[in-house]
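Heads up: the structure comes next, in structure tokens.
The values are calculated or read from the model by the stated rules, or taken from the named source; none is laboratory data. Here the structure is a predicted model, which is why all the values come from computation and not from measurement. Here Cβ is always computed from backbone atoms with ideal geometry, including for glycine, and neighbour counts include all displayed protein chains.
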Amino acid sequence: MPAKRSSTVDDYLRHAPKHIRALMQEIRSIILTILPDAEESIKFTVPFYSRKGLLCYLSPLKTKDGIYIGFTKGYLMSDECGVFTGSNLKQIRHIEFRKLSDIKKRSLKAYIKEAAVLNEVKKGPFPFLG
């Protein structure tokens with residue numbers, strides 16, 4: 001994505017292409033509105049959000065025509081809207097966005113809240129054990 005390694009999310013966004021920046025800024029705003037105490041950082045070269053553990057991250061699509069939000073415990077999430085991709089991954093699930101109108105704020109907020117709850121209860125690989 002950005003040619004140079006970024007040390008902050010602001011720096012990352014400053015160097016991102018305009019359409020990627022707009023999408024990431026919108027989702028970033030939603031995350032920080034819902035979870036104002038979430039920590040923002042750059043991990044694995046992309047913006048990450050943590051709150052009682054890794055929560056989610058924003059990354060450009062390989063085709064660079066959009067972005068996705070990746071939920072680190074997505075395999076435990078309900079996906080009530082049926083929007084997840086990444087089922088070939090062990091734990092992470094994604095929601096893809098190519099334009100601002102793809103961002104359905106109400107459902108995205110619900111997914112972010114669900115991810116935060118999963119971090120609260122600290123579910124491991126065997127959630128039925130408590």
Out of segment 36-71, which residues are within 11 Å of the chain's Cα centre (by Cα) and among the small types (Gly, Ala, Ser)?
Ser50, Ser59, Gly70
Could you please find all residues in segment 98-107 being surrounded by fewer than 14 Cβ atoms within 10 Å (Cβ to Cβ) and in contact with a Phe, Trp or Tyr (Cβ under 6 Å, 6 or more places away or on another chain)?
none
Can you find a residue in segment 30-39 that is out of contact with any Leu (no Cβ under 6 Å at 6 or more places or on another chain), within 11 Å of Ile67 (Cβ to Cβ), at pLDDT 95 or above and of a type outside the set (Ser, Thr, Tyr)?
no
Picking from Ile112, Ile95, the residue that is within 13 Å of the chain's Cα centre (by Cα), in a strand (DSSP E or B), buried (at least 18 other Cβ atoms within 10 Å of the Cβ) and modelled with pLDDT of 95 or more would be Ile95
Hey, could you check segment 62-92 for residues that are hydroxyl-bearing (Ser, Thr, Tyr) and touching a strand residue (DSSP E or B) at 6+ places or on another chain (Cβ under 8 Å) and say which is surrounded by the fewest Cβ atoms within 10 Å (Cβ to Cβ)?
Ser87
Among (1) crowded, with 18+ Cβ neighbours inside 10 Å; (2) of a type outside the set (D, E, K, R); (3) in contact with a strand residue (DSSP E or B) (Cβ under 7 Å, 6 or more places away or on another chain) - the single one Leu35 does not satisfy:
(3)
Could you check segment 45-73 and list, in sequence order, the residues that are in a loop (DSSP other than H, G, I, E, B) and either touching a helix residue (DSSP H, G or I) at 6+ places or on another chain (Cβ under 7 Å) or farther than 13 Å from Val117 by Cα (or both)?
Thr45, Arg51, Lys52, Gly53, Leu61, Lys62, Thr63, Lys64, Asp65, Gly66, Lys73
